[in-house]
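*Asks:* One structure, pasted below without further comment.
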Amino acid sequence: MQVKTTILSLPTEEFVHPGTRACTGCGLAIAYRVGLKALGKDTMLVVPPSCLTVLQGLFPVASTALSGAAERGDNFIYFCYDNEGYMNTGAQRSGTTPIGAITANTPFKGKLQQKKDVPAIMAAHKLSYVAACSAAYPLDLFDKIKNCMHLPGTKYFHIHIPCPPGWGYDPRYGIKIGRLAVETGYYDLYEIVNGEFKLTAASEKLVEKRKLVPVQEYFRTQSRFRLLTDAQIADIQQKIDEKWAGYYNKDE
Amino acid sequence: MGTRNYRRKTSHSEHGPGDGGRTGSWRVERPVLDQSLCIPCKRNKEACFICWLFCPEIVISRTIPPRVDLEYCKGCGICAEECPTRAITMVDEAKFSEEDKE
């Protein structure tokens, strides 16, 4: 077992300059910065412009391109950051927008469909490494990148990024909300190394504790969930509990 | 052809801070540190640095005391929210005088 990185052992060299165009309190900037620390100086980074294209590129339009590359086993790391909508054009609905969330084009009832489980789709390609991370857990992201760097073929990272304007919250609560998503069991941190699934960081601790924060706490923090009814919340809570019952069983 | 300096004729940029301009002008609230509460300041050794880790804009230094680069700080308030001892408070920019803002 490799030693976990702490704040004090995290490299101090920065590869991102201050004064970016990202919105105030954007979670991406944290993931971007810590990710580059892990990858180091000899990194070639291909970034489609801003928060729009990443999502558009992957979720509905060109997932074939990534799927094709993964199938061929091209050697690269793909970081998909998931802010759950087309945030750059004004928060429209995307494939990973969760059920019930209000977006620019689902303003009255919220999104009616489920969130697409993109990491599971990528895991089905039998990649050497698939990870689900969050901007609220940068050290977990750092360790995962370090873990995967020696592995062959395509590596896929899914990073949950709180988005203040798109989700509707005061920028200062960004990290708290990202953390709440994990503590409620709504979003899981895990890694799949050569097909072996393992929860990490806070999600791993939740299995030990056997206690989740009610998911309502998470919904309450963001204005995009204000239309969720109690019945819908109960339904989502039940799905989360079922998912976690599976994790608890595996642990025993 | 070979002696021409094409770099002068095409648009090219060097990396450096301020790609999005002086983003400090976006700020409506300014983080102010109370050193009597800050953990690394109190212990006078490397500790905590949660504000440094979570700052999305990389404007908080990993020093004792941590310093904020107000030229680029967008005032998101994540540092104030995450600080375990509440040593950072967000103060309205209007409370600072004009000279102070320069």
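*Asks:* For the stretch A:140-252, what is the relative contact order in percent, using Cα pairs closer than 8 Å and at least 6 residues apart in sequence?
*Replies:* It rounds to 23 percent for the stretch A:140-252.
*Asks:* Can I ask one more? Taking all protein chains in place and a 1.4 Å probe, what share, in percent, of the accessible surface of the protein assembly as shown do carbon and sulfur account for?
*Replies:* Carbon and sulfur atoms account for 54 percent of the accessible area of the protein assembly as shown.
*Asks:* Hey, if you put +1 on the Cβ of every Lys and Arg and -1 on every Asp and Glu Cβ in chain A, which of A:Ala101, A:His150, A:Tyr248 ends up farthest toward the positive end of that dipole?
*Replies:* A:Ala101
*Asks:* Roughly speaking, what is the stretch gain from A:Glu196 to A:Asp230, that is 0.36 nm per residue apart minus the C-alpha to C-alpha distance, in nm to one decimal?
*Replies:* 8.6 nm
*Asks:* Over the stretch A:15-251, what is the mean sequence separation of C-alpha contacts under 8 Å (at least six apart), divided by residue count, expressed as relative contact order in percent?
*Replies:* 21
*Asks:* Let me ask something else about it. Could you put A:Thr96, A:Thr5 in order of accessible surface area, largest first, with the 1.4 Å probe and the full protein assembly present?
*Replies:* A:Thr5, A:Thr96
*Asks:* With every protein chain present, what accessible area does B:Leu53 have (1.4 Å probe, heavy atoms only), rounded to the nearest 10 Å²?
*Replies:* 10
*Asks:* At 7 Å along Cα-to-Cβ for each site, give me the label-to-label distance between A:His17 and A:Leu151 in nm.
*Replies:* The answer from the label model is 3.5 nm.
*Asks:* Tally Lys/Arg at +1 and Asp/Glu at -1 over every other residue whose Cβ is under 13 Å from the Cβ of A:Glu252; what's the total?
*Replies:* 0
*Asks:* Please compute the length gained on full extension between A:Thr89 and A:Asn249, using 0.36 nm multiplied by the number of residues separating them and subtracting their Cα-Cα distance.
*Replies:* Gain in length upon complete extension: 53.4 nm.
*Asks:* Can you pull the mean other chain C-beta count within 10 Å for peptide A:7-19?
*Replies:* 6
*Asks:* State the Cα centre-to-centre distance between the stretch B:43-99 and the stretch A:86-165 in whole Å.
*Replies:* The distance from the Cα centre of the stretch B:43-99 to that of the stretch A:86-165 comes to 29 Å.
*Asks:* With every protein chain kept in the model, how would you rank A:Thr106, A:Thr221 by accessible area, 1.4 Å probe, largest at the top?
*Replies:* Highest to lowest solvent-accessible surface, that is A:Thr221, A:Thr106.
*Asks:* Report the local net charge at A:Arg93: Lys and Arg +1, Asp and Glu -1, summed over other residues whose C-beta lies under 10 Å from its C-beta.
*Replies:* 0
*Asks:* Set the Förster radius R0 to 35 Å, insert the Cβ-Cβ distance between B:Glu46 and A:Gln2 as r into 1/(1 + (r/R0)^6), and round the FRET efficiency to 0.05.
*Replies:* Here the calculated transfer efficiency is 0.95.
*Asks:* Rounded to the nearest 0.05, what FRET efficiency is calculated for A:Lys109 and A:Arg220 with R0 set to 30 Å and r the Cβ-Cβ distance?
*Replies:* E(calc), rounded to 0.05, equals 0.95.
*Asks:* Once you charge only the Cβ atoms, +1 for Lys and Arg and -1 for Asp and Glu, what is the size of the charge dipole of the protein assembly as shown about its Cα centre, to the nearest 20 debye?
*Replies:* The calculation lands at about 460 debye.
*Asks:* Report the accessible area of B:Val91, computed with a 1.4 Å probe over the heavy atoms of all protein chains in place, in Å² rounded to the nearest 10.
*Replies:* Looks like 40 Å² after rounding.
*Asks:* I would also like to ask the following. A:Ser9 accessible area, nearest 10 Å², 1.4 Å probe?
*Replies:* 70
*Asks:* Related question: Over all residues in A:20-28, what is the mean tally of Cβ atoms on other chains that come within 10 Å of each residue's Cβ?
*Replies:* 6
*Asks:* Provide B:Met90, A:Met122, A:Met44 ordered by accessible surface of protein heavy atoms (probe 1.4 Å), highest first.
*Replies:* These residues rank, largest area first, as A:Met44, B:Met90, A:Met122.
*Asks:* Per-residue Cβ counts within 10 Å, from other chains only, averaged over A:146-154: what number is that?
*Replies:* Counting Cβ atoms of other protein chains within 10 Å of each residue's Cβ and averaging gives 0.
*Asks:* Rolling a 1.4 Å sphere over the protein heavy atoms, what is the accessible area per residue of the stretch A:15-251, to the nearest Å²?
*Replies:* For the stretch A:15-251, the solvent-accessible area averages 45 Å² per residue.
*Asks:* At a Förster radius of 30 Å, what calculated FRET efficiency corresponds to the Cβ-Cβ distance of A:Leu45 and B:Arg67, to the nearest 0.05?
*Replies:* The computed FRET efficiency comes out at 0.60.
*Asks:* Label the protein assembly as shown by shape, choosing from rounded, prolate and oblate, from the square roots a ≥ b ≥ c of the eigenvalues of the Cα gyration tensor; if a/c is under 1.5 it is rounded, and otherwise prolate applies when a/b is larger than b/c, oblate when it is not.
*Replies:* Rounded shape, in that the Cα axes give a/c under 1.5.
The values are calculated or read from the model by the stated rules, or taken from the named source; none is laboratory data. Computed from a prediction, not measured in an experiment: that's the story for all the values here. Note that each Cβ is placed from the backbone with ideal geometry, even for glycine, and that neighbours are counted across all protein chains shown. We work out accessible area using only protein heavy atoms, side chains counted, and drop any ligands, DNA or RNA first. Shrake-Rupley method; radii C 1.70, N 1.55, O 1.52, S 1.80 Å.
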